[in-house]
Structure formats: C-alpha cells, structure tokens
2 protein chains.
Amino acid sequence: MKWYTEEWSKECKFSIAYDEHLHSEKSDFQQIDFYKGEEFGTFFTLDGLMMVNEKDEFIYHDMIVHPAMATNPAIKNVLIIGGGDGGTAREVLRYGHVENVVMAEIDERVFRLSQEYLPITALGVEEDPRMTLHFEDGLAYVKNAPDHSFDLILVDSTDPISVGEGLFTTAFYQECFRVLNDKGILINQHESPYFAEYAENMKKAHQKIKDIFPITHVYQYHMPTYPSGHWLFGFASKSLDPLQDADLAQWERYGLKTKYYNVDLHKGSFALSSYVKEQLTHE
Amino acid sequence: MKWYTEEWSKECKFSIAYDEHLHSEKSDFQQIDFYKGEEFGTFFTLDGLMMVNEKDEFIYHDMIVHPAMATNPAIKNVLIIGGGDGGTAREVLRYGHVENVVMAEIDERVFRLSQEYLPITALGVEEDPRMTLHFEDGLAYVKNAPDHSFDLILVDSTDPISVGEGLFTTAFYQECFRVLNDKGILINQHESPYFAEYAENMKKAHQKIKDIFPITHVYQYHMPTYPSGHWLFGFASKSLDPLQDADLAQWERYGLKTKYYNVDLHKGSFALSSYVKEQLTHE
C-alpha cells in the first residue's frame with residue numbers, strides 16, 4: 001500500500017492509500033496523476049492536488065449543479081468552465097430540458113484520461129448530442145462568447161494557482177456577467193474558510209463577484225477529500241435568489257435520484273457558520 | 001516539526017504538526033497525550049484519537065450546546081456526560097438562566113490536564129458556583145440520578161470504543177430518558193456518515209435512540225479535525241422539536257457572541273444530505 005499525501009496547510013496533511021499509480025504525465029498545462037485504491041477507488045490529482053475520486057465525487061458534482069437548476073427550471077443553455085473530468089456535465093445532462101451544454105476545458109488530456117480511467121464521471125458526456133467540447137482557456141472562451149448567450153455558467157476550476165488563476169479574476173467574472181442572460185446564474189468553485197491560504201482566496205473571490213453581480217450568496221457542503229472537508233460554492237445571479245426564487249417543488253417533480261443534494265439541503269446549505277459569514281462580509 | 005497522525009480509515013490518514021509533546025500518561029482509563037503546535041495550538045488525544053484543539057474546538061462546543069439551549073429557553077438543570085476538557089461546560093455556563101450544571105466525567109486526569117494545558121476550554125469551569133463535578137462513569141451517574149431531574153443532557157463522549165462504549169448503549173439512553181423531565185432534551189455525540197466504521201456506529205446509535213425518544217433528529221457541522229470533517233450530533237427529546245419549537249428570537253436576545261452557531265445555521269444544520277438520511281432511515 002502506497003500513500004498519496006496532500007498538504008492542506010504547512011501543519012496539516014491528508015493521505016489516501018493507493019495500490020496502483022495508473023498514469024502520470026506532464027501535460028502542456030499541469031502535472032496529471034491517476035491512482036487507484038480500494039476505499040477511494042480511482043482518483044486523480046492536478047499538480048499534486050486532489051481533484052476527483054470515486055468515493056465522494058457525487059458530493060461536489062451534486063452541489064455544483066443542482067442548486068442552480070432548482071433555482072431556475074427554465075435553464076436551457078449551460079456553459080461549464082473547466083470540469084474536465086466530466087462529472088459536472090454528467091449532472092447537467094440529466095435534465096431533459098437542457099438543450100445545449102458547452103464545456104470549455106483548457107486541458108484536453110484531463111478529459112481524455114478521465115474517459116479512460118474515470119468512466120464514473122466521463123462516460124457518455126462526449127457522445128451526448130447536446131454537448132459541445134472546446135479544449136481552450138475558459139477566460140478566452142467567455143471573452144469570445146456573445147452577450148446573453150447562457151442561462152448558467154458553472155466554474156468547475158482548480159484553485160487560483162497556475163492554470164486556474166484566470167478563473168478567479170475580476171475580468172473573468174465581468175465576462176461571465178456579460179454572457180449571462182437576464183436570469184443568468186454563475187456558480188463558482190469558492191474555496192474554503194478553514195485554512196488561511198484557502199480563506200484568503202475565498203474572500204478575494206467573493207469580493208470581486210459582489211462588485212459585479214446584484215445577488216451573491218455562498219453555500220457550503222461536506223467534501224471530505226478537499227482541504228478541511230468544508231468546501232464552498234459561490235452563487236451569483238442577475239435576478240434570481242436561490243432561497244426566495246427556487247422552485248423546489250418543480251425540482252422534486254423531476255424525480256432525479258441524488259445521493260447528496262435534496263431540497264431541504266438546498267436551503268440548509270446557504271446557512272453559513274458565523275466565522276465564515278464574518279470572513280465574507282469583512283474586506 | 002513532528003507529526004501526530006490519526007487513521008481515519010484503513011486507507012485514509014490525517015496528520016497535524018506539533019513542536020512539543022507536552023504530556024503523555026496512561027490514566028486508569030485511557031492513554032492521554034497533549035501536544036502543542038503552531039496552527040492548531042494545544043491539542044490532546046485519547047487513545048490516539050483527536051479530541052480537542054485550540055483551532056476548532058469552538059465548532060464542536062458551539063454545536064453541542066446552543067441548538068438545545070435555543071430550543072428550550074427554560075433550561076436550568078444541565079447534565080454533561082464526559083466533556084472532561086471543560087469546553088461544553090464553558091458554553092453552558094454562558095447562559096445566565098442556567099442554575100445547575102453537573103459534569104460526570106469518568107477520567108479526572110483529562111480535566112486536570114485540561115486545566116493545566118488547555119485554559120481555553122477548562123478555565124473557570126470548576127470555580128463557577130453553579131458547577132458540580134463528579135469524576136465517575138456517566139452511565140453509573142445517570143443510573144443513580146432521580147427521575148425528571150434534568151432539562152438537558154449533553155453526551156460529550158469519545159467514540160464507542162473502550163471508555164466511551166457504555167454511552168452508546170440502549171441502557172444508557174433509557175436512563176437518560178428517565179432522568180429527563182417532560183421537556184427534556186438529549187444531545188449526543190453521533191459520529192459521522194462518511195467512513196464505514198463511523199457510519200456503523202452512527203446508525204446503531206440512531207436506531208437505539210429512535211426506539212426510546214418520541215422526537216429524534218440528527219444535525220451536522222463542519223469539524224475539520226474529526227474523521228472526514230463531517231460530524232453529527234443527535235437531538236432527541238420528549239416533546240420539543242428543534243425546528244418547530246426553537247425560540248430563535250429569544251436566543252438572539254441573549255446577545256451571545258458565537259463563532260460558529262447562529263440561528264440560520266440552527267435550521268440549516270438539520271438539513272442532511274440524502275446519503276446520510278438514507279443511512280439513518282434504513283436499518
């Protein structure tokens with residue numbers, strides 16, 4: 001048994017056992033490693049940071065997709081930025097009323113390797129006729145997209161270091177605002193409040209988004225394999241409020257079976273602890 | 001820099017750095033170790049498992065105490081089972097209307113060492129005139145307590161192995177039911193849904209409590225230094241419901257400053273994810 005170890009902070013480490021190091025390569029953008037163990041199944045890391053594993057990917061992918069889909073049942077055009085493992089697309093494509101899903105993933109190798117090693121997230125995504133794949137930088141993609149062309153943008157990115165950095169900038173959020181229509185929603189990977197370095201990124205991202213979108217919330221979920229297990233998404237929108245406007249009864253009528261998300265949790269996940277709220281309001 | 005490492009499962013480890021191993025002893029009941037590091041401050045372990053650290057003890061202690069106190073503003077007599085570090089008593093004693101707090105902690109050494117090394121949780125607890133300390137087994141204590149003698153029982157225990165085992169038994173929960181008055185509430189350390197071994201204990205505890213108490217809920221919180229960071233308390237009561245009966249406006253009037261708990265989170269914390277709900281309903 002070998003161990004993959006991630007530094008959650010200078011004084012905190014998290015380790016997962018694996019039997020096989022399935023693949024390792026340096027792509028044009030980052031170091032990619034796929035591993036396979038018993039408990040966590042197949043998992044991969046980018047630049048040494050845990051991205052997706054078979055044990056708890058359902059948590060992240062439920063939470064990045066369903067709260068927005070429940071808030072606006074009329075979502076038809078969805079843009080995914082990043083999300084190369086395919087899990088976010090997989091969840092979006094479960095909605096029969098979704099017509100077009102564009103995925104702008106900078107690193108095609110992440111997607112191809114996920115197709116090979118992680119069918120749980122990638123299987124069937126490319127084959128869905130509603131899907132368009134662009135292997136290019138997400139920031140470049142939104143810059144070139146027309147005004148008001150999407151109902152929903154899901155930013156499924158790495159942390160704001162190296163390849164993911166541009167997806168945590170004011171310029172990027174402004175372009176997202178522009179390409180969203182009047183009921184548009186932006187969901188973004190929003191880091192974590194517990195370890196100082198992540199909390200800094202969380203605060204910065206929130207402040208930038210608040211300066212651009214009229215409605216901004218942050219919601220939380222339990223993601224045990226991400227640093228501290230306390231992870232956040234940002235919910236920013238032009239007009240819809242995820243608590244007041246969500247059509248939860250409609251969401252239940254879809255009859256989607258979800259392992260993490262449910263309509264009570266929808267409301268509950270926006271209730272943040274005091275120290276998190278304080279970090280988000282002080283700037 | 002040395003590392004304290006805890007096995008969260010056979011294939012998952014969590015490590016915290018420390019500079020000093022402040023104290024190590026085998027008491028009559030368990031192995032006790034106090035450490036001191038930069039980020040997590042002073043922390044201690046029992047039989048090698050993380051109990052309390054200065055960085056996030058506020059989360060656990062907020063969540064074991066405040067939801068019950070908000071549900072019934074008339075709580076005057078409180079029994080704490082375990083809780084040797086003093087943090088649970090500290091939070092209970094912040095309520096001016098609480099008249100008596102009994103703490104039944106089996107291992108006096110945990111309390112004495114916390115007084116020495118962890119003033120953040122233990123300072124002032126013994127000196128409070130409303131406080132009575134019994135260094136004896138919690139199960140024995142409740143067996144000898146009169147009927148209807150407490151408004152609230154807080155079970156601040158270790159996992160159901162070794163010394164904490166008796167506090168996860170039907171016999172214990174039955175005695176708790178008996179000594180609680182008609183509006184009585186039982187809060188118990190309820191383990192975690194993510195790793196199989198902890199999930200087993202969570203399910204068993206919940207089933208036992210459901211068989212005894214008419215009202216039972218489970219609520220969750222983000223506790224990064226406990227296995228998976230996804231931790232639960234059980235809320236069992238004879239008549240009060242933590243969602244329908246909580247007097248949250250009254251709780252806000254107390255003006256208590258809390259770093260984790262707040263009235264929105266009170267409601268939100270009872271919204272469990274689907275896989276947790278499923279584990280709790282299937283037996």
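The values are calculated or read from the model by the stated rules, or taken from the named source; none is laboratory data. Quick caveat: nothing in here was measured; it's all calculated off a predicted structure. Glycine also receives a Cβ, built like all others from the backbone with ideal geometry; neighbour counts cover every protein chain displayed.
For the range B:83-125, a residue qualifies if it is crowded, with 24+ Cβ neighbours inside 10 Å and either of a type in the set (Lys, Arg) or on the phi > 0 side of the Ramachandran plot (or both), and the qualifying residues are B:Gly83, B:Gly86. Of the residues making up the range B:198-245, those that are under 19 Å from the mean Cα position of the chain (by Cα), surrounded by fewer than 16 Cβ atoms within 10 Å (Cβ to Cβ) and touching a residue at least 12 places away in the same chain (Cβ under 8 Å) number 1.
The combined condition, being among the aromatic types (Phe, Trp, Tyr), surrounded by fewer than 19 Cβ atoms within 10 Å (Cβ to Cβ) and over 16 Å from B:Gly87 (Cβ atoms), is not fulfilled by B:Phe168.
The combined condition, being assigned by TED's automatic domain parsing to the domain that holds B:Leu265, touching a helix residue (DSSP H, G or I) at 6+ places or on another chain (Cβ under 6 Å) and surrounded by fewer than 23 Cβ atoms within 10 Å (Cβ to Cβ), is not fulfilled by B:Pro67. Residues in the range A:190-208 that are over 23 Å from B:Asp264 (Cα atoms) and more than 9 Å from chain B (Cβ to nearest Cβ): A:Glu197, A:Tyr198, A:Glu200, A:Asn201, A:Lys204, A:Ala205, A:Lys208. Here A:Tyr194 meets the list (1) surrounded by 24 or more Cβ atoms within 10 Å (Cβ to Cβ); (2) among the aromatic types (Phe, Trp, Tyr); (3) under 18 Å from A:Leu79 (Cα atoms) almost entirely, failing just condition (3). In this structure, A:Ile106 does satisfy being modelled with pLDDT of 95 or more, part of a loop (DSSP other than H, G, I, E, B), of a type in the set (A, V, I, L, M, F, W, C) and under 24 Å from A:Val163 (Cα atoms). If you go through the range B:38-54 and keep only what is touching a Lys or Arg at 6+ places or on another chain (Cβ under 7 Å) and either charged (D, E, K, R) or modelled with pLDDT under 95 (or both), you end up with just B:Glu39. Those strands (runs of 3 or more DSSP E) of the range B:1-75 in which 2 or more residues are within 11 Å of chain A (Cβ to nearest Cβ) and in contact with a strand residue (DSSP E or B) (Cβ under 7 Å, 6 or more places away or on another chain) occupy B:2-9, B:12-18. Scanning the range B:252-275 for residues that are assigned to a helix (DSSP H, G or I) and under 17 Å from B:Pro67 (Cβ atoms) gives B:Glu252, B:Arg253, B:Tyr254, B:Val263, B:Asp264, B:Leu265, B:His266, B:Lys267, B:Gly268.
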